[in-house]
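In what follows, a single structure is set out as C-alpha cells and then discussed.
The values are calculated or read from the model by the stated rules, or taken from the named source; none is laboratory data. Here the structure is a predicted model, which means the values were calculated and not measured. As a convention, Cβ positions derive from the backbone with ideal geometry for all residues, glycine included, and neighbour counts pool all protein chains shown. When the accessible area is computed, the model is the full protein with side chains, heavy atoms only, and any ligands, DNA or RNA have been set aside. Shrake-Rupley method; radii C 1.70, N 1.55, O 1.52, S 1.80 Å.
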Amino acid sequence: MNTRTKALLNRLPGGAQAALIHNPSNMRYLGGYTGEGLLLISPAICAVVTDFRYIEQANMEAPGYAVHQTSSPTTHNVVAFGLLKEAGVTNVAIEEDTVTHAQYKALVAAMPGINFVALDNVPEALRRVKDEGEIAALEQANGITAKAFDYICGFIRPGVTEKQIAMELERWVQENGADSAAFPIIVASGPNGSLCHATPGPRAVQAGDLITVDFGACVNGYRADMTRTVALGSISAEQRHIYDTVQEAQKRALAAVKPGALCKEVDAVARDYIDAVGYKGRFGHGLGHATGLDIHEEPRFNTTSTGVLEAGMTMTVEPGVYLPGVGGVRIEDSILVTRDGCKVLTPATKELVTIPVG
Ligand code: ZN
Ligand code: ZN
C-alpha cells in the first residue's frame, strides 16, 4: 500500500472502515490511476474497479492496487459490494462533493446493509501540501507556461483575434512538453478586459488595447496558472495607472505570503491597496487559489477564507482591476509557500510588456 493511501486510511472519519473514491483527481493522487471507475480502499484491500476499456491501463498505473474487472460501468457497484462484504466492511466513506444524488441512490440500492458517511474531504486535505515530485511537475508546467508567454508576445499583432491567440497558445504548450493546456484559455482584449473570465472571441486586437491572457500548461496532471496583461502599442495614462496599481498590489501580496498567514489576511493586503488608490470595488474576485491536479484547489485567497498557509502549498496570487469601458489588468503568478515566505514559480516579467504595432 502506498503512503498516500495509508495516510487516507489513517484519517478516515469516525466509524468508516473503507472509502470509495470516485473523484478523478483523488483517484490519480491516491492510486496513480487516470481512467474511469472507482477505487475501493480499506486496510484489507486496495482495488481499482473498472471495465474492460481500462484494465491494462489500471494494471500499469496503479501498482499495489488489485484491478477488478466489471462487465460494464453499471456493475461497478455490484463488484465493489462483493469486495466490501468479503472484507466485513459495513461503514463506508464517500466523497460528498463528488458523488451525485443519482450515484448515491445507485450505491444504496446496490449495497444493502452498507452505511455511508461523508469522507469529509480527506483526500483534498492530503493534497494541500505538495511533495517533491508534485512540486517538480508544477515547476516544469510553469516553466513551459512562461516560455509560451514569451512566444505569444511575438505572435500578437493588430488584427489577430482573441481566439487565434488562445489557439496559438494551446498549440504551443502542447508542442513544447505539456500534456495539454491546464484549463480553457482566457484572452480578453480592449473593452473585453473588464470581463475577468472572458471567453476568447472573434474580436481583433488593435493598437491601444490592453490584452489579458490567462492560461497554463499541464504536466503529469499538474496545472500551471499564469496571467499577464500586455499593451499593444501605446496606452492611456489611466490604463497605465491600472497596471501599476495591480503590479504593486501583487508585489505586496507576495511579500505577505508565509507559513502561518491567514488566507484572508493575504487577500486583504492586495485588496486594501487597490481600494486605497481609488479602485474600490473594481477587484471583484478572490486573490487566488491553490493549484495542483485541479486548477482550483483549497485553500483559497479571498475575503473570508480562514485557510492557513503551510510550507509546500502551491497557490496563485492574482489581483486585478476591471473598469467597464476601459478594460482590465490582472497579474497572476503561481507560487510555492516556503519555510520563510514564497518562491514564485512563474519565471516571467511583471513589468508592462508593450508589443510594438508598426
Ligand atoms: Zn489564471
Ligand atoms: Zn488562477
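Pull up the stretch 99-116, narrow it to residues that are touching a residue at least 60 places away in the same chain (Cβ under 8 Å) and within 27 Å of the chain's Cα centre (by Cα), then point me to the one that is most open to solvent (accessible area, probe 1.4 Å).
This residue is Q103.
Does A249 count as assigned to a helix (DSSP H, G or I) and either within 16 Å of ligand 2 (Cβ to nearest atom) or open to solvent by 60 Å² or more (accessible area, probe 1.4 Å) (or both)?
yes
Between a first residue in the stretch 309-320 that is at pLDDT below 95 and a second residue that is within 9 Å of ligand 2 (Cβ to nearest atom), which pairs have beta carbons less than 8 Å apart while being 6 or more apart in sequence or on different chains?
Short answer, once both residue conditions are applied: none.
Taking the stretch 195-245 as the region of interest, how many residues are more than 30 Å from R127 (Cα to Cα), in a loop (DSSP other than H, G, I, E, B) and touching a Leu at 6+ places or on another chain (Cβ under 9 Å)?
Residues that pass the stated criteria total 6.
Condition first: more than 13 Å from I295 (Cα to Cα) and either of a type in the set (V, I, T) or at pLDDT below 95 (or both). Now tell me which residues in the stretch 209-234 satisfy that.
Across the stretch 209-234, the qualifying residues are I211, T212, V213, T227, T229, V230.
Under 8 Å between Cβ atoms, at least 6 apart or on separate chains: pull out the pairs that start in the stretch 175-199 with a residue that is under 22 Å from H296 (Cα atoms) and end on any residue that is away from ligand 2 (no atom under 16 Å from the Cβ) and among the acidic types (D, E).
A181/E170; I185/E170; V187/E162; A188/E162; G193/D209; A198/E162
Going by the conditions given, is R240 in contact with a helix residue (DSSP H, G or I) (Cβ under 6 Å, 6 or more places away or on another chain), open to solvent by 10 Å² or more (accessible area, probe 1.4 Å) and more than 15 Å from ligand 1 (Cβ to nearest atom)?
Considered against the rule, which asks whether it is in contact with a helix residue (DSSP H, G or I) (Cβ under 6 Å, 6 or more places away or on another chain), open to solvent by 10 Å² or more (accessible area, probe 1.4 Å) and more than 15 Å from ligand 1 (Cβ to nearest atom), R240 comes out as no.
What are the residues in the stretch 194-220 that are under 25 Å from L345 (Cβ atoms) and within 16 Å of ligand 2 (Cβ to nearest atom), if any?
Matches in the stretch 194-220: C196, H197, A198, T212, V213, D214, F215, G216, A217, C218.
Just the residues that are in contact (Cβ under 8 Å) with a residue 24 or more places away in the chain and open to solvent by 50 Å² or more (accessible area, probe 1.4 Å), please, taken from the stretch 15-38.
G15, Q17, R28, T34, E36
Which one of the conditions (1) over 22 Å from the mean Cα position of the chain (by Cα); (2) under 26 Å from A148 (Cα atoms); (3) more than 16 Å from ligand 2 (Cβ to nearest atom) does R339 fail to meet, given that it meets all the rest?
So the condition that R339 fails would be (2).
Please report, ordered by residue number, the strands (runs of 3 or more DSSP E) entirely within the stretch 55-138 with at least 1 residues that are over 23 Å from G32 (Cα atoms).
Qualifying strands (runs of 3 or more DSSP E): 91-94, 115-118.
Take the residues in the stretch 299-325 that are touching a helix residue (DSSP H, G or I) at 6+ places or on another chain (Cβ under 7 Å), within 16 Å of ligand 1 (Cβ to nearest atom) and in a loop (DSSP other than H, G, I, E, B); name whichever of them is most open to solvent (accessible area, probe 1.4 Å).
Restricting to residues being touching a helix residue (DSSP H, G or I) at 6+ places or on another chain (Cβ under 7 Å), within 16 Å of ligand 1 (Cβ to nearest atom) and in a loop (DSSP other than H, G, I, E, B), the top hit is N302.
Being among the aliphatic types (A, V, I, L, M) and either under 27 Å from the mean Cα position of the chain (by Cα) or under 30 Å from P259 (Cβ atoms) (or both) is true for just one of L119, L84. Which residue is that?
Residue meeting the stated conditions: L119.
Would you please name the residue that is farthest from ligand 1 (Cβ to nearest atom), looking only at residues in the stretch 276-298 that are touching a residue at least 12 places away in the same chain (Cβ under 8 Å) and aliphatic (A, V, I, L, M)?
Filtering the stretch 276-298 for residues that are touching a residue at least 12 places away in the same chain (Cβ under 8 Å) and aliphatic (A, V, I, L, M), the one farthest from ligand 1 (Cβ to nearest atom) comes out as V277.
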